[in-house]
Amino acid sequence: MDEHRRLSMVALPALMQPPPDDIKFIRQQVLTLAMLVKPPPDQSLTIRERIIGNNVHFWNGRDVFTSFASNRYSFFEVTGETPETLLQIVADVNVLFRQRTGRNHTLSPRNRILLFMLWLRSYPSYHMLSVIFDVSVSTIKDEIHACIPIFEETYSRLIHWPSLDEWQDLQGGWGKLPFAVGAIDGTSTEIYRPITEPQEQYYSGHRQYHCIHTQVVISNEGRICYVECGFLGHQNDAQQYMLMRNIGQQLPFPDELFLLGDKIYPNRHQY
């Protein structure tokens, strides 16, 4: 028995070769010990459950308007409004909000409208807005979807295509161009790269990002006369213009007057 024990003690060291990489071996042992102390999360759990665990966050809402209003230029850059004009928008839409949405809101009226204008102008993700305003992503979605029909009902009346007589009355508004009574131009709204649709259709080589275009006609008094949106990012102004309703037939326009536009716009005036 003692002889067998002696032979085993001599053979064991020969079987246990040193690791080829000491540092890697030590790291593996430390990882094994860490897993024994706190096992990794269940693979069936969602990323949210793995990150948050049992911690529950209560959304309290945040007065972002007060913080943003202190820097007026940045406020304008991210919303397209000044603090004063945004408060006027709040006054314009607040009556409809009270009529349409009877539920309680985590955000105050001015922060709700700030959220919507920030989304329209700068297009941050819902999760980014959730962090900024300290409300849940579902609340961000609900607030934006509640704003869209109310804004449309409130402000769509401001977009008006003049009658033939009204166009005639605008002559001479631009002194050196007496027969030019308005202008047409396009604007682009950046979007995230489409996942479920052909992304190349939305990519603008000129803008260098994915976007949707909008064509706008204004009078020489600065009033919006017509808006048509939904043009794909790869289309230029001329292609968009040819897809618009025909100015001169469906949209009456005097033959002797003109709308100014970039030279890329084809002349459909005679039609």
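The values are calculated or read from the model by the stated rules, or taken from the named source; none is laboratory data. All figures in this text were calculated on a predicted structure; none of them were measured in a lab. So basically every Cβ, Gly included, is an ideal-geometry build from the backbone, and we count neighbours across all protein chains shown.
Is it the case that some residue within segment 185-193 is under 25 Å from Asp237 (Cα atoms) and over 18 Å from the mean Cα position of the chain (by Cα)?
Checked against the condition, which is being under 25 Å from Asp237 (Cα atoms) and over 18 Å from the mean Cα position of the chain (by Cα), segment 185-193 yields at least one hit.
For Arg121, indicate whether it is at pLDDT below 90 and in contact with a helix residue (DSSP H, G or I) (Cβ under 9 Å, 6 or more places away or on another chain).
Here the answer is yes, as Arg121 does meet what is asked.
With the checklist (1) out of contact with any Phe, Trp or Tyr (no Cβ under 8 Å at 6 or more places or on another chain); (2) surrounded by 13 or more Cβ atoms within 10 Å (Cβ to Cβ) in hand, flag the one item His206 doesn't pass.
Looking at each condition in turn, His206 falls short on (2).
Identify, by number, the condition in (1) surrounded by 13 or more Cβ atoms within 10 Å (Cβ to Cβ); (2) in contact (Cβ under 8 Å) with a residue 40 or more places away in the chain that Glu256 doesn't meet.
With respect to (1) surrounded by 13 or more Cβ atoms within 10 Å (Cβ to Cβ); (2) in contact (Cβ under 8 Å) with a residue 40 or more places away in the chain, Glu256 is out only on (1).
If you check every pair at least six apart or on different chains, which have Cβ atoms under 6 Å apart with a residue in segment 214-238 that is among the aromatic types (Phe, Trp, Tyr) first and a residue that is not in a loop (DSSP other than H, G, I, E, B) second?
As it stands, the answer is Tyr226/Val217; Phe231/His213; Phe231/Gln240, since those pairs meet every condition given.
Quickly run through segment 66-117 and pick out the residues that are among the aromatic types (Phe, Trp, Tyr) and farther than 13 Å from Cys147 by Cβ.
Matches in segment 66-117: Phe68, Tyr73, Phe75, Phe76.
Tell me the residue from Ile148, Ile144 that is of a type in the set (Val, Ile, Thr) and surrounded by 14 or more Cβ atoms within 10 Å (Cβ to Cβ), please.
Selected residue: Ile144, the only one of Ile148, Ile144 that is of a type in the set (Val, Ile, Thr) and surrounded by 14 or more Cβ atoms within 10 Å (Cβ to Cβ).
Output the number of residues of segment 97-119 satisfying the condition of being assigned to a helix (DSSP H, G or I) and crowded, with 16+ Cβ neighbours inside 10 Å.
The number of residues fulfilling the criteria is 12.
Leu87: assigned to a helix (DSSP H, G or I), under 21 Å from the mean Cα position of the chain (by Cα) and not acidic (Asp, Glu), yes or no?
No.
Return the residues of segment 122-154 that are of a type in the set (Phe, Trp, Tyr) and either touching a Phe, Trp or Tyr at 6+ places or on another chain (Cβ under 7 Å) or in contact (Cβ under 8 Å) with a residue 40 or more places away in the chain (or both); say none if nothing qualifies.
Tyr123, Phe133, Phe151 - these are the residues of segment 122-154 that are of a type in the set (Phe, Trp, Tyr) and either touching a Phe, Trp or Tyr at 6+ places or on another chain (Cβ under 7 Å) or in contact (Cβ under 8 Å) with a residue 40 or more places away in the chain (or both).
Among His210, His160, His127, which is the only one that is within 27 Å of Leu96 (Cβ to Cβ) and of a type outside the set (A, V, I, L, M, F, W, C)?
Just one listed residue meets the conditions, His160.
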